[in-house]
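This report refers to the structure that appears directly beneath it.
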Amino acid sequence: MKTRAAVAHQAGKPLTIETVDLEGPRAGEVLVEIKATGVCHTDEFTLSGADPEGMFPAILGHEGAGIVVDVGPGVTSVKKGDHVIPLYTPECRQCEYCLNPKTNLCQAIRSTQGQGLMPDGSSRFSLDGKPVLHYMGTSTFSNFTVLPEIAVAKIREDAPFDKVCYIGCGVTTGIGAVIWTAKVEPGSKVVVFGLGGIGLNVIQGARLAGADMIVGVDLNPAREAMARKFGMTHFVNPAEVGGDLVPYLVSLTKGGADYSFECIGNVQVMRQALECCHKGWGTSVIIGVAPAGAEISTRPFQLVTGRNWRGSAFGGARGRTDVPKIVDWYMEGKIDIDSLITHTMPLEKINDAFELMHRGESIRSVVVY
Ligand code: NAD
Ligand code: DAO
Ligand code: ZN
């Protein structure tokens, strides 16, 4: 079949809207009509050329929602007409990783997904007879996309696509890091570095978990109002702190954070996030993806004296199991997604979403097909 898609031909160049060829689903695969997709910082990271694993030409996008329109042989867990959210972290429920409760990093299709290919080693997308690569196993910047069955979460049918697509990455990453990775307890003191599409979801996750003090740190003063709406109790702009940020935060939290979250991808900030944690027990969770080759550092004594350094991918969520739950939380009014979707646009305007992100004007832009 033919489908409209935004194609990334080259790093650093805008996406181009084209009609590409898409092969139907093979065994264990599903064809999904994407109804809406968010544009995330990680798409920008790859498009910019900063992603060492970025490959071109490719169809980016990993934050979508849509409807199953066809299934390949052997597919049993979803059927035509089901509403789904594509998962860049699949859940096969059989691999060594899925069977270990300590991780959500299913490895069933890891190697081919990382090469921009379907599990059988080929691409379903092509243009003028030449293959176009998949991206993160999802490629939601195409109106139709093919995914492995284990990489879709079936969701309720009354959930609006243009809102719940954000659960495909940002919402789950932020809220999940609080609930599933850090397991923040009621009464905790939490510090969140970076109040963008991820950090604001960490803030609402911390509120959901019953944190008492939620400190937000951002260089952009325009982020304060939105963060307060989501539960932030104190705002710190590092540019306005005279002197070191770490002692300032330790003093503000009266001894240090029980939990901190780095939602920027800046290794200097990652160090601050660890070092503002409480001696003896504070845990810092790295969510931000740092540039290629970047390294983190601290004095080892920070760890010897009881601070913990952790990371979180997709919020520690097991997609097929946990994503439908988050959709329910949204539909029940327990979490807010609508306020975070600051811009919507048709596919033809997708490059505007990257511009808005660069200018710090959007939290989330959503493309509606
Ligand atoms: P964003 O650009 O929307 O937000 C980043 C925020 O950090 C902005 O508000 C910016 O003003 C602020 N900031 C930048 N430098 C700062 C500094 N030195 N001190 C304080 N604030 C600063 O980005 P996002 O979409 O929220 O993504 C955040 C990070 O999370 C990115 O690195 C992204 O790739 C990563 N990410 C990780 C996962 C995961 O599973 N681990 C998933 C999605 C995204
Ligand atoms: O299993 O080795 C692996 C890779 C898992 C990928 C997790 C990606 C999370 C961070 C990237 C940002 C996603 C938008
Ligand atoms: Zn698995």
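Quick notes on this structure:
- Residue check for residue 5: of a type outside the set (Phe, Trp, Tyr), surrounded by fewer than 21 Cβ atoms within 10 Å (Cβ to Cβ) and closer than 17 Å to residue 133 by Cα: no
- Only one of 176, 187, 197, 205 that is over 17 Å from residue 283 (Cα atoms) and either touching a residue at least 24 places away in the same chain (Cβ under 8 Å) or crowded, with 24+ Cβ neighbours inside 10 Å (or both): 197
- Pairs, first within 16 Å of ligand 3 (Cβ to nearest atom) in region 138-162, second of a type in the set (Lys, Arg), C-beta under 8 Å, six or more apart: 150/93; 150/320; 152/320; 153/320
- Any chance residue 109 is within 16 Å of ligand 1 (Cβ to nearest atom) and in the same structural domain as residue 42 (by TED's automatic domain parsing): no
- In region 45-99, of all residues being of a type in the set (Asp, Glu) and under 20 Å from the mean Cα position of the chain (by Cα), the one that is farthest from residue 291 (Cα to Cα) corresponds to 91.
- For region 86-111, filtered to residues that are closer than 18 Å to residue 59 by Cβ and in contact with a Ser or Thr (Cβ under 9 Å, 6 or more places away or on another chain), the residue that is nearest to ligand 3 (Cβ to nearest atom) is 87.
Residue by residue, here is whether (1) aromatic (Phe, Trp, Tyr); (2) within 19 Å of residue 202 (Cα to Cα); (3) within 15 Å of ligand 1 (Cβ to nearest atom); (4) not assigned by TED's automatic domain parsing to the domain that holds residue 179 holds:
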| residue | (1), (2), (3), (4) |
| --- | --- |
| 286 | no, yes, yes, no |
| 297 | no, no, no, no |
| 300 | no, no, no, no |
| 303 | no, no, no, no |
| 328 | no, yes, no, yes |
| 359 | no, no, yes, yes |
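- Of all residues in region 86-106, none satisfies the criterion of being of a type in the set (Lys, Arg) and within 14 Å of ligand 1 (Cβ to nearest atom).
- Residue match in region 132-139 (condition: modelled with pLDDT of 95 or more and surrounded by fewer than 21 Cβ atoms within 10 Å (Cβ to Cβ)): yes
- Filter result for residue 337 (crowded, with 22+ Cβ neighbours inside 10 Å and either touching a residue at least 24 places away in the same chain (Cβ under 8 Å) or away from ligand 2 (no atom under 16 Å from the Cβ) (or both)): yes
The values are calculated or read from the model by the stated rules, or taken from the named source; none is laboratory data. None of these values were measured; they are calculated from a predicted model. Note that each Cβ is placed from the backbone with ideal geometry, even for glycine, and that neighbours are counted across all protein chains shown.
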